[in-house]
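Data first, discussion second: the structure below is written as structure tokens.
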């Protein structure tokens with residue numbers, strides 16, 4: 001088998017597509033809430049979220065190393081799907097899914113919480129307000145609204161997780177699932 005310059009085996013496309021999930025398999029995925037993954041601790045007005053390690057150990061098997069020198073798997077690599085009102089709306093990938101979900105739902109910058117940012121921009125446009133000149137200015141001017149969006153995400157959205165450690169399959173599944181599920185918040189436009 002041929003390898004790329006990073007010592008990854010380059011699989012044949014016909015082999016990859018055999019492992020794509022069917023619609024039935026996708027629809028039968030177990031759905032979780034943010035509160036399944038994280039417990040909240042509130043001291044005064046400061047909210048912190050801690051990984052629910054017992055829940056994670058019972059339900060998932062780690063399949064990736066955070067650092068190359070790690071001797072065992074320490075994180076969960078793969079895909080996650082966000083559902084709003086039982087409708088799949090976003091597919092994402094990460095080398096550390098659990099941390100990435102937390103970033104989306106509690107992140108403090110437009111980079112880490114980019115989905116909340118996109119929703120805020122959309123709501124801004126619907127209210128016929130002029131879109132701010134930069135991502136940073138929208139974030140600063142709308143922190144309260146973005147926090148409300150993130151709270152809705154944490155409390156109302158459901159999450160499906162598909163562990164996937166192989167990189168080629170990871171990227172193929174992301175675009176496949178976004179297309180198959182017709183997710184409204186995915187875009188593959190270059191930046």
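The values are calculated or read from the model by the stated rules, or taken from the named source; none is laboratory data. Remember, predicted model here, so these are calculated numbers, not experimental data. Quick reminder, even Gly has a Cβ in these numbers, built from the backbone with ideal geometry, and neighbours come from all protein chains shown.
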Worksheet item: Here is a list of conditions, (1) out of contact with any strand residue (DSSP E or B) (no Cβ under 7 Å at 6 or more places or on another chain); (2) assigned to a loop (DSSP other than H, G, I, E, B); (3) crowded, with 17+ Cβ neighbours inside 10 Å; (4) at pLDDT 90 or above, and residue 153 meets all of them except one; can you say which number that is?
Response: (2)
Worksheet, complete the sentence: Taking segment 13-38 and keeping only residues that are more than 21 Å from residue 85 (Cα to Cα), surrounded by 10 or more Cβ atoms within 10 Å (Cβ to Cβ) and out of contact with any helix residue (DSSP H, G or I) (no Cβ under 9 Å at 6 or more places or on another chain), one is left with 15
Item to complete: Working only within segment 29-60, note down all residues that are at pLDDT 95 or above and either under 14 Å from residue 162 (Cα atoms) or assigned to a loop (DSSP other than H, G, I, E, B) (or both).
Response: 29, 30, 31, 32, 33, 52, 56, 59, 60
Worksheet item: Restricting the search to segment 99-112, which residues are under 26 Å from residue 56 (Cα atoms) and touching a helix residue (DSSP H, G or I) at 6+ places or on another chain (Cβ under 6 Å)?
Response: 104, 105, 112
Discussion item. Condition first: within 13 Å of residue 164 (Cα to Cα) and surrounded by fewer than 17 Cβ atoms within 10 Å (Cβ to Cβ). Now tell me which residues in segment 74-94 satisfy that.
Written reply: none
Practice prompt. For segment 133-144, indicate whether the set of residues that are outside any helix (DSSP H, G or I), modelled with pLDDT under 95 and touching a helix residue (DSSP H, G or I) at 6+ places or on another chain (Cβ under 6 Å) is non-empty.
Written response: yes
Worksheet item: If you check residue 162 against the conditions, is it modelled with pLDDT of 95 or more and either closer than 21 Å to residue 34 by Cα or in contact with a strand residue (DSSP E or B) (Cβ under 7 Å, 6 or more places away or on another chain) (or both)?
Response: yes
